[in-house]
């Protein structure tokens, strides 16, 4: 194996893409990326790039002892996979379940790898 | 999830004959988790009149000792015939009960002890339980485990209209029980407005919706029903056991409002030949105020979605309709990180009529439900007095 699932995922993010795996055997999306499909046991997993659109499934606001509160959410992407994320550009308490969101890449800088965050696109589901 | 399975475990195939806490709260400087396990074991053996030389089965788990089975065996100078250090979070010890029952039933050992110890308050939680880096969650800086349980709570509030006041009612009930327990960490009354007004940690949870951070540990002793009868205390029989694992990380939990307790409870009830309405004492792992609400639903004490309403008005508090977490729980009694063993100890004490001011009169059956990880592992143990066998 020349490239880990994480490395492939990260390379997509570096290009501004949110990648996920598709399991033909299970007929459904797989996330987080891995070597074995947890729904079928198949090792034949294909890479796909998500549209970046999704819906907030669950949300919380984290209050650090120092610093500003921040959002953490679970996002259901339209392609049928769920991931953890942060909804930005909006008050963290205003992030509601059902809110429609769009992915963007967050680059923390330094040695830290890029990761997906989300912004509201208007509307709910 | 799979339906009930015929696990092959025998109802009342083993009995808990000894039970004891180690020192709790904030223990003497320099004590380590193995010290607390050993202290719990000697106290639990004294409780039933057995000795270390009788112990040939050892089950233990700790976050501060990678090979706790080795450390504890060396410390005690024993070489157990049967050893099991399954670690699945706070529910580990309920899994151990099922494994000890299997080992006793198969004759792999005759006297099994289950032990736990933690000094997380003394050394700090970060040191006591080192977090694994998850590239798909860690960048968002979750407070684990509270962020994960808060996400589950947000879903319960959204789907069923559960309120922060209902969550707070769980904390208040726990505190009322704790005030009846001399061993409890918290000593002062608590009100719903105080819970709501406390420091916010992970919305909807304030610090009062979240379990304590204490030191502590303990042990229980199990043996065969035959051997149990001649010992110091009345045997508490293992009537039913069930287990379920659904995920490791919260982003992979199949349904945030439905826990594996549905399956573990179903298996335990089937083995015990009992249902929720037959249970006298309910001990549920309450790491967060949402936990008892979820487990009351999934274990059949109320319909799905009605847990918030169920806990209102002191219904699970002393004098309420259903006694839940009679020791004060992880919220107000003691929470050393993996609290499940202390849940079992309280269930045993209730069934022996040893619980003092918080005793449920005439209790014959108890459920001790363990939760581990971020609602990840669920294990249910149903216990009964001799009258149930």
| task | May I ask you to list the residues in the range B:135-151 that are at the interface with chain A (Cβ under 7 Å from one of its Cβ atoms), over 15 Å from residue A:96 (Cβ atoms) and buried (at least 19 other Cβ atoms within 10 Å of the Cβ)? | result | B:136, B:137, B:139, B:140, B:142, B:147
| task | State whether one or more residues within the range A:49-72 are modelled with pLDDT of 95 or more, more than 26 Å from residue B:210 (Cα to Cα) and within 11 Å of another protein chain (Cβ to nearest Cβ). | result | no
| request: State which residue is surrounded by the fewest Cβ atoms within 10 Å (Cβ to Cβ) when the search covers only the range B:158-191 and only residues that are in contact with a helix residue (DSSP H, G or I) (Cβ under 8 Å, 6 or more places away or on another chain) and within 14 Å of chain A (Cβ to nearest Cβ). | output: B:161
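Each row is one residue, and each column tells you yes or no for (1) in contact with a strand residue (DSSP E or B) (Cβ under 9 Å, 6 or more places away or on another chain); (2) free of Cβ contacts under 8 Å to residues at least 24 places away in the same chain.
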{"position": "B:97", "(1), (2)": "yes, no"}
{"position": "B:101", "(1), (2)": "yes, no"}
{"position": "B:119", "(1), (2)": "yes, no"}
{"position": "B:133", "(1), (2)": "no, yes"}
{"position": "B:136", "(1), (2)": "yes, no"}
{"position": "B:160", "(1), (2)": "no, no"}
{"position": "B:163", "(1), (2)": "no, no"}
{"position": "B:170", "(1), (2)": "yes, no"}
{"position": "B:175", "(1), (2)": "no, no"}
| Exclusive hit being over 21 Å from the mean Cα position of the chain (by Cα) and modelled with pLDDT of 95 or more, set B:67, B:86 | B:67
| remark: Checked pairs for the range A:89-114, first more than 9 Å from every other protein chain (Cβ to nearest Cβ), second surrounded by fewer than 11 Cβ atoms within 10 Å (Cβ to Cβ), C-beta under 7 Å and 6 or more apart or across chains, list as A:100/A:122; A:100/A:123
| Unique residue being part of a helix (DSSP H, G or I) and under 12 Å from the mean Cα position of the chain (by Cα) when the list is A:6, A:13 | A:13
| remark: Subset of the range B:210-248, residues more than 30 Å from residue B:175 (Cα to Cα) and in contact with a helix residue (DSSP H, G or I) (Cβ under 8 Å, 6 or more places away or on another chain), comes to B:222, B:223, B:224, B:231, B:232
| Do you know which residues across the range A:43-64 are without any contact (Cβ under 8 Å) to a residue 24 or more places away in the chain and either loosely packed, with under 14 Cβ neighbours inside 10 Å or under 17 Å from the mean Cα position of the chain (by Cα) (or both)? | A:43, A:44, A:60, A:64
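The values are calculated or read from the model by the stated rules, or taken from the named source; none is laboratory data. Just so you know, these numbers come straight off a predicted model, no measurement behind them. Here Cβ is always computed from backbone atoms with ideal geometry, including for glycine, and neighbour counts include all displayed protein chains.
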